[in-house]
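Here is the structure we will look at.
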Amino acid sequence: MCQHASPPTPAAEHHCACQQQAGPHPGKRVPAAPELILPEVPFPSLRVIEALGEHGLRQLVAQHHALLRQSAIGHLFAQDAAQFAQLVERVADFVVEACGGAAQYTPAHGHTCMRTRHFPFTIDEAAREVWLTLLWQALADCAAPAAVREEYWAWMEPFSLRMINRRTTKAQPARWGYAEMAARHA
Ligand code: HEM
C-alpha cells in the first residue's frame, strides 16, 4: 500500500447524500458529483517500442506479472502456472499491439475494451496501488530508459484508473504522477 498517496483535490471530493447533517431535511438537494473521474489516457508513441523492442516490452510485462503473482493481489490472477503464462502472453500481445507493434491481440481476442474485460475481477483503489507500485518496480528491474519509462507511465497510470470497478474510498483515487514517483525513488 502506498504511504505517500496525494490527498484528493477539493474538486475531486465525493459528496455523500448525508452531508454530515443529522435529522430529516425535506426538499434537500445534494449536488451531483462524479463517482470516479476517468482522465484522458495518452497511448504511447512509437518511441517506446523503438527503444525497448517487442522483446523488451514482453520482458517488462512478464516481470510485472511475476511480481504481481507474488503480491497481495496475487489471488486475482490465474493460479495454474500454464493459465498464468497464457495470461501474461495475452497482456504482452495487447501491450505490443497498443504500442504499434505486431497485431496479435485484436485478431485473437477481438475488441479491446479493457475496462469491460476487467469487470469479472474485483479491483479497488488499493489493488490499483499494488499494481502500479509493481509496474514501477518492473520498469526499474528491466532498466527501461528514463524517457521511455516516463511515456509508458503516463499511459498506464491513468489507464489503471479505468480498471477500478469496486470503490472502497469516497475520495477520488490518488494520482501517481511520474515526477512525484521519480523523486520518491531517487
Ligand atoms: C487481465 C488485474 C490494469 C491489461 C487482468 C486480470 C486481472 C487483472 C486480475 C485477469 C487475470 C486472469 O485472467 O488470470 C489488473 C489490475 C490492474 C490492471 C489489478 C490495475 C488497476 C491493467 C492495465 C492494462 C491491463 C492498465 C493495460 C495494459 C490487461 C490485459 C488482460 C488483463 C490485456 C488480459 C485480458 C484478456 O483476458 O484478454 N488484469 N489489471 N490491466 N489485464 Fe489487467
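The values are calculated or read from the model by the stated rules, or taken from the named source; none is laboratory data. Here the structure is a predicted model, which means the values were calculated and not measured. Methodologically, a virtual Cβ is constructed for each residue, glycine included, from the backbone with ideal geometry; neighbour enumeration extends over all protein chains shown. Only protein heavy atoms, including side chains, enter the accessible area calculation; ligands, DNA and RNA are left aside. Shrake-Rupley method; radii C 1.70, N 1.55, O 1.52, S 1.80 Å.
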* Please list, ordered by first then second residue, the pairs with beta carbon atoms under 9 Å, 6 or more apart or interchain, first in the range 77-105 and among the charged types (D, E, K, R), second open to solvent by less than 40 Å² (accessible area, probe 1.4 Å). => Glu89/Val61; Arg90/Tyr105; Asp93/Tyr105; Glu97/Tyr105
* Is there a residue being more than 9 Å from the ligand (Cβ to nearest atom), surrounded by 19 or more Cβ atoms within 10 Å (Cβ to Cβ) and among the polar types (S, T, N, Q) anywhere in the range 63-80? -> yes
* Structure fact -> Checked the range 144-163 for anything away from the ligand (no atom under 12 Å from the Cβ), surrounded by fewer than 20 Cβ atoms within 10 Å (Cβ to Cβ) and part of a loop (DSSP other than H, G, I, E, B); matches are Pro145
* Near pairs, Cβ below 8 angstrom, 6+ apart or cross-chain, from the range 120-132 (on the phi > 0 side of the Ramachandran plot) to any residue that is at pLDDT 95 or above and more than 6 Å from the ligand (Cβ to nearest atom) -> none
* Asked: Pick from the range 84-138 the residues that are open to solvent by less than 30 Å² (accessible area, probe 1.4 Å) and not in a helix (DSSP H, G or I): which of them is farthest from the ligand (Cβ to nearest atom)?
  -> Gly101
* Options Pro39, Pro44: the member that is assigned to a loop (DSSP other than H, G, I, E, B), touching a Cys at 6+ places or on another chain (Cβ under 8 Å) and either at pLDDT 95 or above or open to solvent by 70 Å² or more (accessible area, probe 1.4 Å) (or both) -> Pro44
* Structure fact -> Every listed condition ((1) open to solvent by less than 70 Å² (accessible area, probe 1.4 Å); (2) more than 9 Å from the ligand (Cβ to nearest atom); (3) of a type outside the set (A, V, I, L, M); (4) in a loop (DSSP other than H, G, I, E, B)) holds for Arg166 save (1)
